[in-house]
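Here is the structure we will look at, set down as structure tokens.
The values are calculated or read from the model by the stated rules, or taken from the named source; none is laboratory data. If you're wondering where the values come from, they're calculated on a predicted model, not measured in any experiment. Here the Cβ positions follow ideal geometry from the backbone for every residue, glycine too, while neighbour counts run over all protein chains shown. Only protein heavy atoms, including side chains, enter the accessible area calculation; ligands, DNA and RNA are left aside. Shrake-Rupley method; radii C 1.70, N 1.55, O 1.52, S 1.80 Å.
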Amino acid sequence: ALRWLWPPPMLLLSGLGAVPSVVARRASSAEGLPERRAAEVRPPLAELRVEVTEGSLLQGVTDEASRRTVALSRITIANGTFVREGKVVVPLGGNYLMKAHPYFPETEVVVRNARAMAASFAKMEYVPSRGRVAVPVVRLGALMEGAMPDKPFVFDTVWAAKLEAAVQAFENAGVYVLLDIHQDALATTNGGEGLPVWMTAKMQEMAGAVPDCLSCTAFDKYITTPEQPLECALTGVIETLLKQVGITPPHPQVASGEDNPWLAYSVNGSAGDPKRMNVGNVNMRLNNDDLAWGQGVLLVTHQVQNVAWRFYRSHRYPTEKAAFFDPFLAFVKYLCGVWERHSNVIAVELLNEPPLGGFPDIFAARTNRNDLFDFYAAIMAELDADPRVPAAPLALEDVTGNNGLISMPFDLLKQLGLIEDIQGASIEVLRNWTERGRL
């Protein structure tokens, strides 16, 4: 009944091969630094550039033809359509995503996959109407937890090199790319992936000091630990309302015989790296396997509801902005640089299927859709305010991934009064970006 709450499992690839060598640079300051794993950048946040050194982009690829870099003609947005070289194009393709470390297959695998996608596309019988031209595109997962695994503003240059190598491999094969800032259930500490562990752990640390929230307490759950067990937020009156329309909220499961189910891989638990809690903790696996994903178990937990509500509002308050919004903005700015360096990148997608947050507080949940679009507008304002940031187009998703067509659950939530219409200044920001061909 709640299958709509969770995206279907996406392509999962494995393998860890040769890592391209990289140089971490700050565009306005020093020359190349020695090769290393992390590059730290502090505000202003547009300075970070991670560049792959000459000849190393496709390191480990034996076929010389795969090493050659190809620059595809840029796809732009005009009058609500995608345009390339004066012709309207229809991008068609699929997702390419690893939801855990190492986040990308070895480059040799990416090259083979890119070629296979291009070959399949060439055999496609579909021809768009009205003279439009179909082009192959891949929605390439770019997870913030991979880019900044350890602390804010410290980029893992190995991750960055693998991302750009993947983008180039698809470009060499003639495939366009949409950079997808992917998340599901927001973080591995919630059983999903996306935001770094340090971010959700910081939210937990600051749980009793959330600005403009009289009901927030230090006991609110942002991560899963023995002290903050994974629990459903849709209880009481909300659960009763949902049952009246035929929906029974799913509750997290625990393996039989587990007397401390949330210790393994938990933050400060000393029983495994929290970065791997989504795959390492057996009880998390019970709640993020295919069946549980289809039921939407994780999305309605206190952890996801609290993180979503707080993250979308983080741009409004100085302490929250510094801790959560600014590091995310730095990641967006870096991806805008990837767009500039690779002409096959069409846009940067800010969040995959952002969950509706705020439950069990019905008022907080009802206004959270506007919180999300205010969050989008705040990012756009920051990008506009920094002339050094490349003018990459952005792609946005509504709450739960609603697209206005497959909208039954979205309409149901609106009928129940649990979602309000978008309003306020964010509408004007979105309109302005649309008129400029940036959205």
**Fill in**
Expected output for the stretch 70-93 (first residue closer than 13 Å to residue 135 by Cα and free of Cβ contacts under 8 Å to residues at least 24 places away in the same chain, partner assigned to a loop (DSSP other than H, G, I, E, B) and not polar (S, T, N, Q), Cβ below 8 Å, 6+ apart or cross-chain) is 83/75
**Message:** Take residue 302 and tell me if it is under 25 Å from residue 231 (Cβ atoms), touching a residue at least 24 places away in the same chain (Cβ under 8 Å) and either more than 20 Å from the chain's Cα centre (by Cα) or open to solvent by 30 Å² or more (accessible area, probe 1.4 Å) (or both).
**Reply:** yes
**Message:** Take residue 425 and tell me if it is modelled with pLDDT of 95 or more, over 17 Å from the mean Cα position of the chain (by Cα) and open to solvent by 50 Å² or more (accessible area, probe 1.4 Å).
**Reply:** no
**Asked** Could you say whether any residue in the stretch 360-375 is under 21 Å from the mean Cα position of the chain (by Cα), open to solvent by less than 20 Å² (accessible area, probe 1.4 Å) and aromatic (Phe, Trp, Tyr)?
**Response** yes
**Request:** For the stretch 326-337, indicate whether the set of residues that are farther than 22 Å from residue 198 by Cα and in a helix (DSSP H, G or I) is non-empty.
**Result:** yes
**Complete:** residue 275 fails exactly one of (1) charged (D, E, K, R); (2) under 16 Å from residue 186 (Cβ atoms); (3) at pLDDT below 90, namely (3)
**Prompt:** Listed residues 214, 286; which is exposed (fewer than 15 other Cβ atoms within 10 Å of the Cβ), farther than 25 Å from residue 150 by Cα, of a type in the set (A, V, I, L, M, F, W, C) and modelled with pLDDT of 90 or more?
**Reply:** 214
**Fill in**
Filtering the stretch 180-204 down to residues that are in contact with a helix residue (DSSP H, G or I) (Cβ under 8 Å, 6 or more places away or on another chain) and part of a helix (DSSP H, G or I) yields 188, 189, 190, 197, 199, 200, 201, 202, 203
**Request:** Look at the stretch 220-236 and say how many of its residues are over 27 Å from the mean Cα position of the chain (by Cα) and of a type in the set (A, V, I, L, M, F, W, C).
**Result:** 0
**Request:** Report, ordered by the first and then the second residue, all pairs with beta carbons closer than 6 Å, sequence separation of six or more or different chains, a first member in the stretch 375-404 that is within 25 Å of residue 305 (Cβ to Cβ) and at pLDDT 95 or above, and a second member that is polar (S, T, N, Q) and in a helix (DSSP H, G or I).
**Result:** 377/426
**Message:** So for the stretch 321-328 (the condition being of a type in the set (Asp, Glu) and over 23 Å from residue 225 (Cα atoms)), does at least one residue qualify?
**Reply:** yes
**Asked** Does residue 74 fit the bill of being within 26 Å of the chain's Cα centre (by Cα) and either in a loop (DSSP other than H, G, I, E, B) or surrounded by fewer than 20 Cβ atoms within 10 Å (Cβ to Cβ) (or both)?
**Response** yes
**Asked** How many residues does the stretch 118-135 contain that are surrounded by fewer than 14 Cβ atoms within 10 Å (Cβ to Cβ) and among the aromatic types (Phe, Trp, Tyr)?
**Response** 1
**Complete:** residue 104 passes all but one of the listed conditions (1) part of a loop (DSSP other than H, G, I, E, B); (2) open to solvent by 10 Å² or more (accessible area, probe 1.4 Å); the exception is number (2)
**Fill in**
Here the residues within the stretch 222-238 that are over 23 Å from residue 273 (Cβ atoms) and charged (D, E, K, R) are 231
**Request:** Considering (1) part of a helix (DSSP H, G or I); (2) crowded, with 24+ Cβ neighbours inside 10 Å, say which one residue 177 fails and leave the rest.
**Result:** (1)
